[in-house]
Each structure stands twice: as structure tokens, then as C-alpha cells.
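Report on one structure; see the data block that follows.
The values are calculated or read from the model by the stated rules, or taken from the named source; none is laboratory data. Source: prediction; values computed, not measured. Positions of Cβ are generated from backbone atoms using ideal geometry, with glycine treated the same way; all protein chains shown enter the neighbour counts. Areas reflect the complete protein model, heavy atoms only, side chains present, ligands, DNA and RNA absent. Shrake-Rupley method; radii C 1.70, N 1.55, O 1.52, S 1.80 Å.
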Amino acid sequence: MSKYQEIAKQGLWSNNPGLVQLLGLCPLLAVTATVTNALGLGLATLLVLVGSNILVSLVRDVVPKEIRIPVFVMIIAALVTCVQLLVNAYAYGLYLSLGIFLPLIVTNCVIIGRAEAFASRNSLAHSAFDGLMMGVGFTAVLIVLGATREIIGQGTLFYGADLLLGDWAKSLTIHLWQVDNAFLLALLPPGAFIAMGLLIALKNWIDDAIRQRQPLVQTEAVARVRITKVS
């Protein structure tokens, strides 16, 4: 398996930030009441992840080890500010919907963790690809969680897509069934915890099923002989 294949496998499944590392759970559980919010926050996080990994990889040989963490945080904060201004300018409705969780991307453990654990030790190309795969894996969990909560909670899919894509996207909203009163448990954070636990359980079940299908590798027992010195 090549380096890029291993990075993709780690980011998308084996070491997924949301399902395995359990990082960035605060925004993941707070704003995933709809697919639109989940996709918006996921794309913003992905952009910051890729950008921070690239910049950290570029300056890794210049920044002294004693101050690398503050420098990494400054890089991430600058990128988050740029993304926040872009969302404010081109998707103001989404900006209001995400609220404080957009600037709080600065404190997302996924980003600072990849900067320290991977980007500061690997080449530019590998660091950029790692940021992309980790961002895609995190965004995928956000979207699945948002879709599950939106469908159960209010019977729709892609509600509020115009906040992200413009007025033309209002036609993208899918009404699966008519809901007189929203199911608040699914839309509030307790429902997010339940749904997240089910997703983690599903991933573990799939991993166990794959592991059981793999052929067992039998190793030969090696006999150990103890030699005592006779005087």
C-alpha cells in the first residue's frame, strides 16, 4: 500500500476524526441538525485543515520547537478568520446559522492535532493530502449525522440549502413526510449524542465483520530451551 493510500484509509475510515479519534465533537454535535449546516461547517473545517497542513509543512524546518504550538495556533486562527469572512460575505444566512461554532474552528482538536502529529513531520504533498482526507472524513460524518437528525426530526432533507448555495437551491429541499410537530429529541444535542453513538457502533460492527472474514494467520510455536551453566 502506497503512502497516499494509507493516508486516505486513515482519514476516511481507520482513524476518522469523528468516529475513531472522537475529536471536534462540540461543533459536530451542536450544528448538525440539518444537512446544510453540517455541509457548511464541514467544508469550512476542510479548507482550514488543508491550508494549515500546507503552511505548517512549509515552516516546519524554520520554526523552533519551543514555540511551534503558538505558531501553529496563529496560522490556524488566520485561516479561520479568512474562511469566516468568506462565509460572511457569500453565505450570510449560513454564517448566522453556524454562529459561534464557525470561529471556534480555531480550537478544533482535529486541526491542531494534524498540524502537530503529521504536517510538522511530513512533506508538503503528504501533508496537504492528509488534511484533505481528514477533512473529507470529518465532513462525511457531519453530513451523515445531519441527514439522520434532519430526517427523523422534521422529515426533510437539504432544508435551508439556500443558505449555502443561494435562492435557487430552495428547490433542493426534499419533504419525505409531513411532520406537524418536530421531533425535538433528534434536533437537540441529546439526539446528536444518541445518533453519534449509533454511528460509532455501526463502524465497530463493520470492522469486526471485516476482521472475522479475513483468514487467520497461524504462527508456528517456537520452543524455548533454557541453558543453565554447570560449574
Exercise for the section: Check Glu66 against each of (1) at pLDDT 90 or above; (2) over 26 Å from Ala8 (Cβ atoms) and name the one condition it does not meet. Expected result: (1)
Problem - Enumeration of residues in the stretch 51-110 that are open to solvent by 40 Å² or more (accessible area, probe 1.4 Å), part of a loop (DSSP other than H, G, I, E, B) and not charged (D, E, K, R) - result: Val62, Pro64
Practice task
Test Leu12 against the stated conditions and say whether it is within 21 Å of Ile100 (Cα to Cα) and of a type outside the set (Phe, Trp, Tyr).
Solution key: no
Handout entry: Cβ-Cβ under 7 Å pairs, at least 6 apart or on other chains, the stretch 178-195 side part of a loop (DSSP other than H, G, I, E, B), far side modelled with pLDDT under 90 and of a type in the set (D, E, K, R)
Key = none
Practice task
With respect to Thr139, determine if the residue is in contact (Cβ under 8 Å) with a residue 60 or more places away in the chain and either among the basic types (Lys, Arg) or crowded, with 17+ Cβ neighbours inside 10 Å (or both).
Solution key: yes
Practice task
For Glu116, state whether it is in a helix (DSSP H, G or I), in contact (Cβ under 8 Å) with a residue 24 or more places away in the chain, more than 19 Å from Gln21 (Cα to Cα) and among the acidic types (Asp, Glu).
Solution key: no
Exercise for the section: Would you tally the residues in the stretch 1-46 being farther than 13 Å from Gly137 by Cα, part of a helix (DSSP H, G or I) and open to solvent by 40 Å² or more (accessible area, probe 1.4 Å)? Expected result: 7
Problem - The listed residue being free of Cβ contacts under 8 Å to residues at least 12 places away in the same chain and under 18 Å from the mean Cα position of the chain (by Cα), out of Asn88, Asn15 - result: Asn15
Fill in the blank from the handout: Log entry, pairs with first residue in the stretch 158-172 being outside any helix (DSSP H, G or I), second being open to solvent by less than 80 Å² (accessible area, probe 1.4 Å) and of a type in the set (S, T, N, Q), beta carbons closer than 6 Å, six or more apart or on different chains, reads Phe158/Thr173; Tyr159/Thr34; Tyr159/Thr173; Gly160/Thr34; Gly160/Thr36; Ala161/Thr36
Problem - Number of the condition not met by Gly155 [criteria: (1) open to solvent by 70 Å² or more (accessible area, probe 1.4 Å); (2) touching a strand residue (DSSP E or B) at 6+ places or on another chain (Cβ under 8 Å)] - result: (1)
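Results for (1) modelled with pLDDT under 90; (2) in a helix (DSSP H, G or I); (3) surrounded by 14 or more Cβ atoms within 10 Å (Cβ to Cβ), shown as yes or no for each residue.
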| site | (1), (2), (3) |
| --- | --- |
| Ser120 | no, yes, yes |
| Ser127 | no, yes, yes |
| Val144 | no, yes, yes |
| Gly197 | no, yes, no |
| Ala209 | no, yes, no |
| Lys229 | yes, no, no |
Exercise for the section: Among the candidates Gly113, Gly131, single out the residue that is open to solvent by less than 20 Å² (accessible area, probe 1.4 Å) and modelled with pLDDT of 90 or more. Expected result: Gly131
Exercise for the section: Kindly indicate which of Val225, Val179 is at pLDDT below 90, open to solvent by less than 70 Å² (accessible area, probe 1.4 Å), more than 25 Å from the chain's Cα centre (by Cα) and more than 27 Å from Val110 (Cα to Cα). Expected result: Val179
